[in-house]
1. For W86, what charge total do you get from the other residues with a beta carbon under 11 Å from its beta carbon, if Lys and Arg give +1 and Asp and Glu give -1?
2. Let me know the volume per residue of the alpha-carbon convex hull for region 87-126, in Å³.
3. To check you understand DSSP bridge types, tell me what percent of the beta bridges within the chain (both residues inside) are antiparallel, rounded to 5.
4. Taking the Cα centre as origin and putting +1 on Lys and Arg beta-carbons and -1 on Asp and Glu beta-carbons, what dipole magnitude results for the chain, to the nearest 20 debye?
5. For I44, what is the net charge nearby, where nearby means another residue's Cβ is under 9 Å from its Cβ and Lys, Arg count +1, Asp, Glu -1?
6. What is the gain in length, in nm to one decimal, between D182 and E67 on full extension, counting 0.36 nm per residue of separation less the C-alpha to C-alpha distance?
7. So how far, in whole Å, is the C-alpha centre of region 233-259 from the one of region 110-157?
8. Please report the orientation-averaged projected area of region 2-300, defined via the convex hull of its C-alpha atoms, in nm².
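No value in this document is a laboratory result; all are computed from the given coordinates. This structure is a prediction, so every number in the text was calculated from the model and none was measured. Here the Cβ is made from the backbone with ideal geometry for all residues, glycine too, and neighbour counts use every protein chain on show.
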Amino acid sequence: MRSSCLLRAALTLAIAACAAGCATQPPTAASAPPVPGRCGGEPIFAAGADRATLWVRNSSEFRAASETIYRAALEALAAGLADPTWTAEPSQAGASLALPPAVVMDVDETVLDNAEPQAEMLLKGLCFEEFPKAWDDWLAKRSAPAVPGASEFIRAARLMSDSSGRQVRIFFITNRECAPRDGNPAACPQHDDTRANLESLGFGSPTLADDLMLRGERPEWDGEKLARRAQIANGYRIVLNVGDDLADFLPGVRRASVAERDAARCARAAWWGRQWFLLPNPMYGSWLVALGDDLDAALADPPSILQDCPRG
Ligand SMILES: [Mg+2]
């Protein structure tokens, strides 16, 4: 039952691109246990995410890791801008490499830190059916803080140019979804909220409304991010991609097995830390979905990941 709950949580989180949040209050290391029977006997939504959430919210280690990755990403961006053959999009080649430069970034747990709602879910013992509203309420607050290192990266990247003097444009691709909201006539309140949140952190730009791409805003913008990257690649050379989930970089891994995902990782082994930078997210993601509905069994089994990628 506990494992089944964890899988359902992972699926919903992955689909909704949810996360957990910022810490505006002191941590309560000993979280109150969920009220027995509160969810009709079912485990709570974010069950099992306690340590991961505390690590993201409260550890210096997470901050240091995130800042390390963003500093390395900035150095790679400089290298990529100076190399006209460099692209972070596998399908991009030929004449499109002469296009102006762009960076693609995921939003949740890449730019915006959602450890706060994650902690709230744990403390409240949120039930599955309560998640969509709780997540939408969180988006409406527009108050997620920045992931460590993201602010410095975005500000510096936008000041950088390619060899032709064309400045870097940053696109945000997120699987946050548009959904109607009572009392709000906007076509996509979640787009407006995300944009306002980004602007409140100093990430605004004159083109941000166009540069922020939510899942489902256009019919072809599905949960896979390939279609949105392909659209960007029509007008820009994507020099760097930054995300927290394998699916931010690779198509077809959101529902793949652990072994299939790892083979996909290895197939692009040379891209990690060069064109692609992945931030740690131990709270949720397609990695958790891949473990299946029995996490106790996953713990007991040897992991089906590769210790070393085959040399090709
Ligand atoms: Mg994310």
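1. -1
2. So the per-residue hull volume is 82 Å³.
3. If we restrict to bridges inside the chain, about 15 percent are antiparallel.
4. The calculation lands at about 520 debye.
5. +1
6. So the extension gain works out to 37.5 nm.
7. 21
8. Mean projected area for region 2-300: 15.8 nm², to one decimal.
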